[in-house]
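So the structure is just underneath, and the comments pick up after that.
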Amino acid sequence: MNETKKRIIESAIALFTEKGFHGTSIQEIAARAEISKGAFYLHFKSKDALQVEIFRYYTSLITNEMKNAVDPKQSAAENYRRQTEVQISQIQRHTDFIAMVVRDQAFNLNPELIRFIEELRVSQAEWYRDQLTAMYGEAVRPFIYDISVIVEGTKNNYMQQFISNPQSLNPKMLAELIVLMTGHAAEGFLAGTYRPLLDEETVRTLFSGFFPESEEEAELAGVIDEMRSILSGLALPRATAQYLSSSLDFLGTQADAGPSADITAIRGVLSVFRPYPEFGDSLRRLEEKFGLGED
């Protein structure tokens, strides 16, 4: 992430915390970040898009901290506890912002953010899968979704109790309780004491829109995301940047269309990126993924 984009995000976080999402204008964000309003639009097409990026920023920050907490010399259970404690500590540091989001009910106003939150749930389930199978083996796999719901429900409710005074929460103690609850739930399911409500098929039905239909579609989406990052770092006129951003939106739609994609239209859209050598590698990969030959 380039420095300007990071400055916009951090300025927006501060203003949203102070004034709320709806009470903060793009002009105020730009002024705090010491950039022009036009420069804001080079990085974000709207305040809603910025909001989603803020959540991606937070998620990335917490994920990286959790990865750094892993010690290969420790047991799987201890690393699970360490990562849980780090996650709780990070959320604790940003309680004011999280409370603002809940207060403003921003989720109801931004469909893209709602989608991101649902995708995050899927990623979270995958994290629990890795942690639980490391601790209890493959036998626990049919119960992972149920255990994660039980554990997350416990953790989130404790966090909510301390939302007005987050510093009173002891992350280490809560992490230890979470490990204890995880153990009780896992042992209960493995012993047949509890029956699962969420098997793999049920979860895939509930979140059908958030599982990539194919590896090919996931790779296409990844290349397009890379191009968005490249675009945000280029010094282009506002109109040009917006046009290229809209072109990437179109490519994303075509990637989702699968066999119904309009190859002729895709070829034309890709051509608008050719004057910019920074996109060269991405263009070659997209041509390959979309099945386009050499021009």
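The values are calculated or read from the model by the stated rules, or taken from the named source; none is laboratory data. No experiment lies behind these values; they were computed from the predicted model shown. Ideal geometry is used to build each Cβ from the backbone, glycine not excepted, and the neighbour counts take in all protein chains shown.
The table below lists the values:
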read-out	value
Odd one out for residue 150, checked against (1) within 29 Å of residue 72 (Cβ to Cβ); (2) in contact (Cβ under 8 Å) with a residue 60 or more places away in the chain	(2)
Qualifying residues in the range 12-31 (those that are surrounded by 17 or more Cβ atoms within 10 Å (Cβ to Cβ) and either in the same structural domain as residue 227 (by TED's automatic domain parsing) or within 22 Å of residue 235 (Cα to Cα) (or both)) - the one farthest from the chain's Cα centre (by Cα)	30
Single unsatisfied condition, residue 52 versus (1) touching a residue at least 24 places away in the same chain (Cβ under 8 Å); (2) in contact with a Ser or Thr (Cβ under 9 Å, 6 or more places away or on another chain)	(2)
Selected residue [surrounded by fewer than 16 Cβ atoms within 10 Å (Cβ to Cβ), touching a residue at least 12 places away in the same chain (Cβ under 8 Å) and in a helix (DSSP H, G or I)] from 125, 134, 185	134
Index of the failed condition, residue 237 passing every other in (1) at pLDDT 80 or above; (2) surrounded by 13 or more Cβ atoms within 10 Å (Cβ to Cβ)	(2)
Out of 280, 252, sole residue that is small (Gly, Ala, Ser), modelled with pLDDT under 85, out of contact with any His (no Cβ under 8 Å at 6 or more places or on another chain) and not assigned by TED's automatic domain parsing to the domain that holds residue 5	252
